[in-house]
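Student: Take this structure, written in structure tokens, and hold onto it; I'll ask about it next.
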Amino acid sequence: MVFSSIVFLGAFLPVVLLLYFISGNRTWRNFILLIASMLFYAWGEPIWVAAMAALALIDYLGGLMVGRIQGAGAKKAFLVLMVILNLALLFMFKYFNFLMDSVGDLVRLLGGTGFSFARFPFAMPIGISFFTFQALSYVLDVYRGDAAPQKNYFYLLLYISMFPQLIAGPIVRYTDVEYEILNRRESASDFANGAFRFCVGLGKKVILANYAGGLATTLLSTNLNALSASGAWVGMLMYTAQIYFDFSGYSDMAIGLGHIFGFNFKENFNYPYASRTVTEFWRRWHISLSSFFRDYVYIPLGGNRKHQYLNILIVWALTGLWHGASWNFVIWGLYYAALLCAEKLLKKNDIDMGKIPFISNILLLLIVSFGWAVFYYTDASQLWVFCRSLLGLANADITMSLRELTAVNELFFLFPVLALAATPIPAKVCNRLFAGRGIEVWVKTLWAAVLLVVCFMMIMNQTYNPFLYFRF
């Protein structure tokens with residue numbers, strides 16, 4: 001089930017809200033939220049919802065054990081076991097076949113024949129990377145003393161399975177919601193602000209991401225040898241817009257739903273395309289993932305204190321793999337590792353490209369957009385042809401073909417909207433016009449209502465409505 005669907009907007013969410021708010025106490029509200037979350041996941045994964053519950057049980061028992069073990073060595077050894085158990089499920093579903101395929105390719109490259117490797121027969125459950133990292137963060141936080149062991153299994157299961165952020169993040173840490181599970185207080189203002197945030201995210205997804213994505217697919221999934229250079233650039237930029245509005249829109253909806261139910265999830269995006277450096281970009285993009293790898297991998301490895309460049313390399317190789325079991329994701333991660341290392345080396349020599357306004361913004365956007373092209377093409381041969389298309393080497397035509405031009409002209413009006421919406425300018429203008437004048441609530445309510453109606457009507461007519469991060 002996706003947020004931008006008739007089933008969710010017209011049936012699931014209204015019923016859950018009704019049952020939740022007519023319940024009088026916290027225990028019943030947590031119970032309703034838990035059942036709703038399990039049903040939400042079971043809608044798309046009726047079998048693997050049991051695997052998620054089993055993972056929560058493993059971490060529940062593991063958290064209790066970590067809290068009881070006294071010796072530092074024994075506690076660390078048990079933590080290693082828990083990390084292995086958590087990642088084993090993720091490895092089998094997401095990486096086992098990739099490993100076997102890679103080994104097979106290596107054997108064939110070395111001249112071996114007749115080798116066949118066993119394959120894991122099941123498809124990857126939706127959102128497994130997100131809920132595995134959340135479960136893992138709970139055990140790590142208990143080990144580090146940042147959180148007390150949860151004594152109620154169902155509360156831990158609620159944390160891991162909470163439907164607003166279950167399938168595509170943000171990655172919520174246990175310490176962020178530990179207190180709120182039992183002590184949160186819903187309010188009318190939180191409900192109103194949450195509903196507004198949800199509708200803004202829905203608009204980002206349905207209006208901006210879907211149309212940008214439709215054009216990107218038309219251009220990037222065509223016969224690449226026939227793709228013009230200008231068509232390749234427009235397609236790449238449209239995918240750059242799609243992935244931002246798709247994922248940040250989902251995060252907005254998740255954060256908005258969290259507010260409605262009394263939870264305060266941390267921000268996951270902060271206008272990343274307004275950045276001037278790669279370092280700044282990754283402080284603004286998918287903040288929950290970046291902070292997870294920083295706190296649980298980069299700093300424990302030594303951070304900036306020792307082996308800094310090796311640590312960056314390891315973290316970004318893992319970041320790439322987290323996104324997908326394919327070599328293009330590894331290359332994408334190493335691409336950013338190289339850029340981040342280069343920025344740090346330049347800064348040590350008092351060269352900071354981020355100090356040059358506008359030029360640094362444009363350069364960063366080009367760097368990121370090309371990175372998304374690497375991200376997009378899981379087939380290396382397709383990526384190579386696309387890179388040639390960008391330079392006008394795959395096709396003699398620099399200008400668009402009639403088919404490409406027709407597709408672009410249909411959505412040309414959308415281009416300035418996408419560019420403007422990716423900046424903080426609209427929010428600043430609205431704050432200046434309406435904040436502190438007593439009409440802000442009415443403006444937000446009207447805008448949310450308009451967005452909801454428009455999006456609902458568009459959903460009924462759209463055939464292209466994917467969430468890109470569901471596959472992670």
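Student: Given the Cα-Cα distance of E410 and Q308 and 0.36 nm per residue of separation, how much length would full extension add, in nm?
Tutor: Stretched out fully, the E410 to Q308 stretch lengthens by 31.9 nm.
Student: How long, wide and thick is the chain, going by the Cα atoms along their three principal axes, in whole angstroms, largest first?
Tutor: So the extents along the principal axes, rounded to whole Å, are 67, 66, 51.
Student: I need the peptides 118-129, 229-240 ranked by packing, meaning the mean over residues of other C-beta atoms within 10 angstrom, with the highest value on top.
Tutor: 229-240, 118-129
Student: Please state the relative contact order of the range 121-218 as a whole percent: Cα pairs under 8 Å, 6+ residues apart?
Tutor: 30 percent.
Student: Label W28 and L433 with points 7 Å out from Cα along Cα→Cβ: what is the distance between them in nm?
Tutor: It works out to 4.3 nm between the two label points.
Student: Taking a threshold of 22 Å on the Cα-Cα distance, which of the pairs K266/K347; K75/K151; K306/K348; K306/K355; K306/K344; K205/K444 fall above it? Can you show the working numbers first?
Tutor: Values: K266/K347 30 Å; K75/K151 19 Å; K306/K348 16 Å; K306/K355 27 Å; K306/K344 14 Å; K205/K444 18 Å.
Correct reply: K266/K347; K306/K355.
Student: Okay, next question. What is the dipole size for the chain, taken about its Cα centre, with +1 at each Lys and Arg Cβ and -1 at each Asp and Glu Cβ, in debye to the nearest 20? Could you put the intermediate results ahead of the total?
Tutor: Values: 34 positive and 24 negative charges, 190 e Å.
In total the dipole reaches around 920 debye.
Student: Report in % the part of the accessible area of the chain that belongs to carbon and sulfur, leaving out ligands and nucleic acids; probe 1.4 Å.
Tutor: About 69 percent, which is the carbon plus sulfur part of the accessible surface.
Student: So how far apart, in nm, are the two label points at T399 and I35 if each is 7 Å from Cα heading toward Cβ?
Tutor: 6.5 nm
Student: Let me ask something else about it. Mind ordering 54-60, 158-164, 78-84 by average Cβ neighbours within 10 Å, highest first?
Tutor: Most protected by this proxy first, the peptides run 158-164, 54-60, 78-84.
Student: Take the Cβ-Cβ distance between V15 and M460 as r, set R0 to 35 Å, and report the resulting FRET efficiency rounded to the nearest 0.05.
Tutor: Values: r = 20 Å, r/R0 = 0.56.
It comes to 0.95.
Student: What translational diffusion coefficient, in µm²/s and rounded to a whole number, does the Stokes-Einstein relation yield for the range 1-116 at 20 °C and a viscosity of 1.002 mPa s, taking the hydrodynamic radius as the Kirkwood radius over Cα pairs?
Tutor: Numbers: Rh = 18.4 Å.
Result for D is 116 µm²/s.
Student: Sticking with this one: Keeping all protein chains in place, calculate the accessible area per residue for the chain (probe 1.4 angstrom), answer in Å².
Tutor: For the chain, the per-residue accessible area is 47 Å².
Student: If packing is taken as the average count of other Cβ atoms within 10 Å, what order do 221-228, 99-106, 189-196 fall into, highest mean first?
Tutor: Ranked from most to least packed, the peptides come out as 189-196, 221-228, 99-106.
The values are calculated or read from the model by the stated rules, or taken from the named source; none is laboratory data. Predicted model only: the values in this text are computed from it and were never measured. Glycine gets a Cβ as well: all are built from the backbone with ideal geometry, and neighbour counts include every protein chain shown. Surface accessibility is based on the protein's heavy atoms, side chains included, excluding ligands, DNA and RNA. Shrake-Rupley method; radii C 1.70, N 1.55, O 1.52, S 1.80 Å.
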